[in-house]
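Report on the structure given below.
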Amino acid sequence: MGSSLLVQILFIVGVLLAGCGSPPPKEGWPPPPERLARVSYSTPDADRIRCRCGQSRVASLHNVSDRTITASVDTIWRIGGKINRVGPSVPYTLLQGAPSAFLGCTVEDPLGGCQFDIEYRLRLTTAVSDISNVLTFYGPNTSPSIGMCIAWCSDDSNVGSDSCLTLPVAYFKPIGILAGFVSAAEKNSGTLSKEEALKMIGAKESDDKCERSGIFTEDDRLINTGKIQPCITVSDDIPARIASRFLSEPSPTGVFKMASDTPMRLEVIADESLRSKTVQKTLIFDIEASSPSIYFIGLHQDDLNNQFAGKMTGVAQISLPGRPKQTVIATSRGCIAVDVP
């Protein structure tokens, strides 16, 4: 479990034990809301036709973005406050401005008795791309999945190639000294103590600004936890001209920064389904609450946030002949590729 790619991911999203990047500027911070959808509950007994059990509430899913979205929702069944079972994630697609979707009732029992209390938990949400019905080796181009982002960012002839934000190596924090970070974890059954991690990156306990743990494995997931929230990492200044085709200003000036916010508990799983000569290990963030967020701050931040900001859903390293290696990031709104040193 794990690979050297995770080293780069942890660095990008600010999971490193030692603080890195510059502090977020006062202006333009905190970043804009990232939520694309929300789950709401009615008052008890508001709809006794659909929810016949007493004190049951209607659960609904709402699209709160300006895009069409896809969302997956987990159903959690409890009896007496204890989890009885967790149903499979159910996918939904909601158009912009569409009515809310009915998820279910908070009290029900298929066999009668009304003994189950039910929670509907939003698992993962992505904005649907304007480019649809295009099949590639990596699957349908309908939402910013890591497969779609690999296709867009690696193939100049792909219909979505102009929708990948590419940043040069100068804006990828040096990772050379971290080469053994996760490889050591691999040799130790997917674990790495905080002390070992600090030693590897030449850091002291006082450098741990976010009070992160080491890396450990639980149910085939690589996990890293922290005690400080938000845990923010900010890149160096990036000239606006690099992203000019995505900006509303024809001749952009000034600079922007890419920032990440890492949750208290970060979970990632390895995925082998896309491995090829081009694609190395792929890592998936499949739970929104334990996924890092990507934002842009500074001049033109609204243009960039609307197209690329949000929760990370996947990361992959790609290698193409004649091109530098790149780390491809899929967020809930778009695709980013960063050259690797």
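Grab the Cα-Cα distance for E211 and Q55, subtract it from 0.36 nm times how many residues apart they are, and report the gain in nm with one decimal.
Details: separation 156, 0.36 × 156 = 56.16 nm, distance 4.25 nm.
Value of the extension gain: 51.9 nm.
As a rough footprinting exposure proxy, the listed residues C335, C164, C114 were ranked by other beta carbons within 10 Å of their own, and the order from fewest upward is C114, C164, C335.
Give the order of F116, F285 when sorted by the count of other beta carbons within 10 angstrom, beginning with the fewest. Provide the component values of the computation, followed by the final result.
Values: F116 19, F285 25.
Going from least to most buried by this count: F116, F285.
The GluC sites (Glu not before Pro) of region 228-297 that meet both conditions, a loop assignment by DSSP and at most 12 other Cβ atoms within 10 Å of the site Cβ, are E272. Is region 37-126 rounded, prolate or oblate when judged by the Cα gyration tensor, a ≥ b ≥ c being the square roots of its eigenvalues, rounded requiring a/c under 1.5 and prolate requiring a/b larger than b/c? Taking the square roots of the gyration eigenvalues as a ≥ b ≥ c, region 37-126 is oblate. Does anything in region 57-77 have its amide N under 20 Å from the 7 Å Cα→Cβ label point of A98, and if so which residues? The answer is 59-75, whose backbone nitrogens lie closer than 20 Å to the label point.
Which order do peptides 213-224, 76-87 fall in by mean Cβ count within 10 Å, highest first? Can you show the working numbers first?
On the way: 213-224: 17.7, 76-87: 11.4.
In descending order of packing, they fall as 213-224, 76-87.
Straightening the chain between L111 and D156 buys 10.6 nm, computed as 0.36 nm per residue apart minus the Cα-Cα spacing. Partner aspartates and glutamates whose Cα lies under 12 Å from the Cα of K311, excluding those fewer than 8 positions away in the same chain, are identified as E34, D261, D286, E288.
What's the ranking of 42-50, 152-160 by average number of surrounding C-beta atoms within 10 Å, highest first?
On the way: 42-50: 11.8, 152-160: 18.1.
So the peptides 42-50, 152-160, ranked by packing, come out 152-160, 42-50.
In straight-distance terms, cross-link reach from K204 covers every one of the aspartates and glutamates whose alpha-carbon lies under 19 Å from its own, apart from those fewer than eight places away in the same chain; here that gives E195, E196.
The calculated FRET efficiency for R38 paired with D236, based on their beta-carbon distance and R0 = 51 Å, is about 0.90. Remark: K325, K209, K257 ranked as K325, K209, K257, counting other beta-carbon atoms within 10 Å and listing the fewest first. Given their separation in residues at 0.36 nm each and the Cα-Cα distance between them, E119 and K194 gain 23.5 nm when the chain is fully extended.
Each value in this text was obtained by applying a stated rule to the coordinates, not by laboratory testing. Note that this is a predicted model, so its numbers are computed, not measured. Positions of Cβ are generated from backbone atoms using ideal geometry, with glycine treated the same way; all protein chains shown enter the neighbour counts.
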